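*Asks:* Can you keep this structure in mind? I'll have questions shortly.
The values are calculated or read from the model by the stated rules, or taken from the named source; none is laboratory data. Here the structure is a predicted model, which is why all the values come from computation and not from measurement. So basically every Cβ, Gly included, is an ideal-geometry build from the backbone, and we count neighbours across all protein chains shown. Surface areas here come from the heavy atoms of the whole protein model, side chains and all, with no ligands, DNA or RNA. Shrake-Rupley method; radii C 1.70, N 1.55, O 1.52, S 1.80 Å.
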Amino acid sequence: MPAAPALTWQEGAGFRFADLAAPTEGHPGFALLPPEATGVTFSNRLADATVAVNRLYEIGSGVALGDVDGDSRVDEETSRHDAGIGLILLGDGRGNFRPLGPREAGFSIYGEQRGSAVADFDGDGRVDLVVAQHGGPTRLLRNTAGQPGVRLTLRGASANPQAIGTTVRLQFGERLGPVREVRAGNGYWSQDAATQVLAAPSAPTAVEVRWPHGETRRWPWPKGARWVEVSAEGLQVRAIGDPGRKR
């Protein structure tokens, strides 16, 4: 496939855009992976009687992505309808997932789960999970077993204060860590926390930030820092409990 042509960017009020030319050769860059190859073998199945009560049940459930165990690989939580058990699926970084049973995961939620999202609600550097249910209590699950990472908060311009669309990754000497993206919305009426939890198997030496308008910058990681805030003005170290700072 020929190389993609360079983009001609046009500036807008707080954003930029470019026209894309669809290639006339090659093929799409995605391939459907069968369950046997990924390990994701479950399905959200609804009884006919349940669907007859409310057709909205067919919309689907929440899916939350995060590094649950702190090994630098993306894991997944899936909510399920009709008294199914929500599942944690551990990723191996190669597109394969291993489902955890309730005993290994440390929790079981029976019922009609809907939205789910991840956030480090207690500031300990581990990804925690919140799951909403139809006709049941919202469950907040504190992660006590994952390897703690470091926290990174982005402050964007006034038109995009949470810097949605920004990608970040840590650097460890000559090695770069995995890329994380700040997203708006995930799963069923849900949104993960904007503050990213990044795996840190060793002390980071730098952080790389690619802003939505395309600019990429890199800052040295402060020694011993567990939480930093990055904006166009630079990098600042934050402490858990800073007044006026959202997590």
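*Asks:* Kirkwood Rh over alpha-carbon pairs of segment 94-247, then Stokes-Einstein at 20 °C and 1.002 mPa s: what D in µm² s⁻¹, rounded to an integer?
*Replies:* 127
*Asks:* Report in % the part of the accessible area of segment 82-232 that belongs to carbon and sulfur, leaving out ligands and nucleic acids; probe 1.4 Å.
*Replies:* Numbers: 3910 of 7480 Å².
Whole-percent figure for carbon plus sulfur exposure: 52.
*Asks:* How do 217-224, 153-160 rank on mean C-beta neighbours within 10 Å, highest first?
*Replies:* Packing order, densest peptide first, comes out as 153-160, 217-224.
*Asks:* Show me, for segment 159-173, the HN-Hα J-couplings you get by feeding each phi into the Karplus relation (A = 6.51, B = -1.76, C = 1.60, θ = phi - 60°), rounded to Hz, glycine and proline as x.
*Replies:* Per-residue couplings from phi come out as 6, 8, x, 8, 6, 4, x, 6, 10, 9, 7, 8, 10, 10, x Hz.
*Asks:* In addition: Please give the Cα centre distance for segment 170-186 versus segment 86-107, rounded to the nearest Å.
*Replies:* Their Cα centres are 21 Å away from one another.
*Asks:* How big is the shadow of the Cα convex hull of segment 91-131, averaged over all directions, in nm²?
*Replies:* 4.1
*Asks:* Seen from all sides and averaged, what is the projected area of the convex hull of the Cα atoms in segment 147-211, in nm²?
*Replies:* If you wrap the Cα atoms of segment 147-211 in a convex hull and average its projections, you get 5.0 nm².
*Asks:* Tell me which residues come under 5 Å, amide H to amide H, from residue 97 once H is placed; ignore anything under 5 positions away on its chain.
*Replies:* For residue 97, whose amide H was placed from the backbone, the distant partners under 5 Å are 39, 40.
*Asks:* Moving to a separate point now. Taking only protein heavy atoms into account and a 1.4 Å probe, give the accessible area per residue of segment 104-247 in Å².
*Replies:* Values: 7490 Å² over 144 residues.
Roughly 52 Å² per residue, with all protein chains present.
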